[in-house]
């Protein structure tokens, strides 16, 4: 639980979000807005929500992974508010999302820009004794970066690594991209140097992100030097493993 205590975002917020909260959305309200989805996408969303609601009231209750499959399908089509609403309905019906569904909910909150609620889901994950994995931690890192809170993302990264958790190439590519997007190219380069050969093997995604940012900063010589470094190391001139 030390990770939970170390994060200022880890707050005990129930998934039973008050009706006044903007994410207390029914499927009906979510489709009343002008939409640009194709008819097929609309049909798929309607079918998924309809099936989900049927499963909620079915006896015996279907396996939890069946709910997770529907939530995952909705996330793929970026129906994040619907995912939040369905998870709320699950808890209202006395059902508790499993580890996969909690990760999906956490990702939805992050995509919607509500990182505090995402960290409240982390609280639930820890309280239920689920082991944290790279996916969970990367989702939170990305959520902070999407909000532009890259310094908090760096702090979270440092806490995670200090407690012995491992991140992967995608995690660091996400962090480096977030830093570069807000003009923190030097900090991104520092992260690259910190992980090089110690935590993960840097790859072409990390390098090219920083090179592009250096070029935007008109640091062409530094960009060329970094490109040359990448080019002479075959292992660094490859994609994600």
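Among 146, 71, 154, a tally of other beta-carbon atoms within 10 Å of each Cβ gives an order, fewest to most, of 146, 154, 71. Indicate the gyration tensor shape class of region 40-107 (rounded, prolate or oblate), computed on the Cα atoms with a ≥ b ≥ c the square roots of the eigenvalues: a/c under 1.5 is rounded; otherwise a/b larger than b/c is prolate and the rest oblate. Here region 40-107 falls in the oblate category. Histogrammed with a bin width of 10 Å, the alpha carbon distances of region 83-241 distribute as 11, 36, 30, 16, 6, 1, 0 percent, first bin at zero.
For region 87-123 versus region 131-180, the inter-centroid distance based on Cα atoms is 18 Å. Ranking of 106, 230 by neighbouring Cβ atoms within 10 Å, starting from the fewest: 230, 106. Solvent-free Debye calculation, one equal scatterer per alpha-carbon of region 149-224: log10 I(q)/I(0) at 0.12 Å⁻¹ equals -0.30.
Values quoted throughout were computed directly from the atomic coordinates according to the rules given, and no laboratory measurement underlies them. What you are looking at is a predicted structure, and each value in this text was computed from that prediction instead of being measured. Counting neighbours? That spans all protein chains shown, and the Cβs are built from the backbone with ideal geometry, glycine included.
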